[in-house]
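Nothing in this text is a laboratory measurement; each read-out follows from the coordinates by a stated rule. Just so you know, these numbers come straight off a predicted model, no measurement behind them. Neighbour counts are summed over all protein chains in view; Cβ atoms, including those assigned to glycine, are modelled from backbone coordinates with ideal geometry.
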Amino acid sequence: MARAPANRAPTKAAPKSATPKASTPKAAAGKSAAGKSAVNGAVAAKGPDKAKLLDWYRNMLLIRRFEERAGQLYGMGLIGGFCHLYIGQEAIAVGMQAVKKPGDQVITGYRDHGHMLAAGMDPKEVMAELTGRAAGSAHGKGGSMHMFDVAAGFFGGHGIVGAQVPLGCGLAFANRYRDNGQVSFTYFGDGAANQGQVYEAFNMAELWKLPVVFVVENNQYAMGTSVERSSSETHLYKRGVSFNIPGEEVDGMDVQAVAEAGAKAAEYARTGKGPFILEMKTYRYRGHSMSDPAKYRTREEVDAVRKTRDPIDHLREKMEQLGYTDEEAMKRIDSDVKKIVADAAEFARTAPEPDPAELYTDIYAKA
Ligand SMILES: Cc1ncc(C[n+]2csc(CCOP(=O)(O)OP(=O)(O)O)c2C)c(N)n1
Ligand SMILES: [Mg+2]
């Protein structure tokens, strides 16, 4: 695997400057005209095997059922505070997870439960965090938007729109500095794509050729505002143009397309060529958060996407065409997933709340 030239990497020998020099010519390393994919041509010829498709199906179904159950627990008053569901967007977290290598990082906003499950976090710990229990992944003190699991490579869970983008660049900077071959997968929404700090981060990421894949989850809406109403350029994969960052639009409702595009972008970043933008075209079925009356779109619009583009149905149909499904196998996946989610919900409902003394722990880092 090709590596970034040694003179460009932020090495431990020169830690003070913390500013890796951009001495490599812009034309280097397969960089094409900005806004176009430099790796477009290399589409994988053969599809993934049966085991992989079944695994993707199972993982997407797990996220869907988990989120449906979280929505119910919220309705029962068992989850407090904010809760943003990922239903409809499952193919992105699952397809991109297939691209991750051990040690790679994922960082995202507040629509985060799907990413946590895809990263391998324990559904019981995630659900117990939602209900604010001591056994939750943040000891019941973080809730929906503030979970973190270094072992799983999951770096949050961030409530400030767009703030995870510079943080994701920081993770990539550390990878570069340590020369560890790891990639930071930094996710944000179409609304966040209009945040100023995103572009400061883009500039540094390309200038220092940081190993970061920016994944824009374009679900068409930022709260109640559509992309058309808020953005002068609605093709968000082009947002790196003035920074020379290549980008590609991807069908974010097709898990296989996500994984293929993700693999190319990750390889690009991992081999020292710098950042890559993937715009995933997707849709969220539920409101922005649990308290959204969703008056900005029609029921027909949502139903049409569910009927024609649903990522789970889409993969199931594909597998049926390939002869990869049999009734028994699908039933088994269905009941496994149901059980995992039922167990997680039961655990989250019955596990004890944190001791009030916990309010005073985990506030400052220990010296
Ligand atoms: C800096 C900042 N501004 C505004 C908000 C309020 N806010 C929360 S979510 C959101 C919309 C973001 O939409 P998008 O980036 O498309 O992500 P999605 O919710 O669709 O996943 C806004 C404006 C915030 N949390 N942080
Ligand atoms: Mg959005």
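Observations, loosely collected:
- Single residue of the range 203-231 satisfying the filter (part of a loop (DSSP other than H, G, I, E, B) and small (G, A, S)) that is nearest to G181 (Cα to Cα): S231
- The condition of being within 16 Å of ligand 2 (Cβ to nearest atom), within 19 Å of the chain's Cα centre (by Cα) and on the phi < 0 side of the Ramachandran plot holds for only one of F154, F66, F82, F148, that being F82.
- Scanning the range 217-253 for residues that are more than 16 Å from ligand 2 (Cβ to nearest atom) and crowded, with 22+ Cβ neighbours inside 10 Å yields a count of 4.
- Hey, M145 surrounded by fewer than 24 Cβ atoms within 10 Å (Cβ to Cβ), in a loop (DSSP other than H, G, I, E, B) and away from ligand 1 (no atom under 16 Å from the Cβ) or not: no
- Complete set of residues in the range 192-216 that are in contact (Cβ under 8 Å) with a residue 60 or more places away in the chain and away from ligand 2 (no atom under 16 Å from the Cβ): F202, A205, E206, L207, W208, K209, L210, P211, V212, V213
- Scanning the range 188-201 for residues that are more than 9 Å from ligand 1 (Cβ to nearest atom) and crowded, with 21+ Cβ neighbours inside 10 Å gives V198, A201.
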